[in-house]
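A quick write-up on the structure given underneath.
Coordinate-derived values only; no laboratory data. Nothing here was measured: the structure is a model prediction, and the numbers come from that model. In this analysis, Cβ positions are derived from the backbone assuming ideal geometry, glycine residues included, and neighbour counts consider all displayed protein chains.
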Amino acid sequence: MTLFQGLNDFQIGIPHPGCSYLFVDLSALEGITHQDALSKLQNMGYQPTLRYWDWNNDSPLAVCALLKVQEDWDGSYEEDALVEEFETLCEVFGTCPDAVRFLRKCPRTLQAA
């Protein structure tokens, strides 16, 4: 099976080079309902969109709330707002740390270096 790359209206795939995705895996939540998690995200200023994530054939299909897509990451980690948001979300959903996901693929220029 070839892994899906990119995004479509329903699915989160492997990011293209230079792209990042920040999302919450609602399937991994414990101790909070999906509705409460989505309400909490909305109260934090996010507009989550529901997508599924099918990482491989061995893991179950995950229902996720996509929060941010960054298309132009240059490979710098200094003042990286998405890293800060990821850390904040990890604190908010601290009882289920595996629920917060941050996928990123280095730009092609860094892959060749």
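FRET efficiency for N8 and L103, Cβ-Cβ distance as r, R0 = 22 Å, nearest 0.05?
After rounding, the FRET efficiency stands at 0.90.
Efficiency by 1/(1 + (r/R0)^6): what FRET value for S27 and D80, r their Cβ-Cβ distance, R0 = 35 Å, to the nearest 0.05?
The value I calculate is 0.85.
If each of T95 and K68 carries a label point 7 Å out from its Cα toward its Cβ, how far apart are those two points in nm?
Placing both labels 7 Å along Cα→Cβ, they lie 2.5 nm apart.
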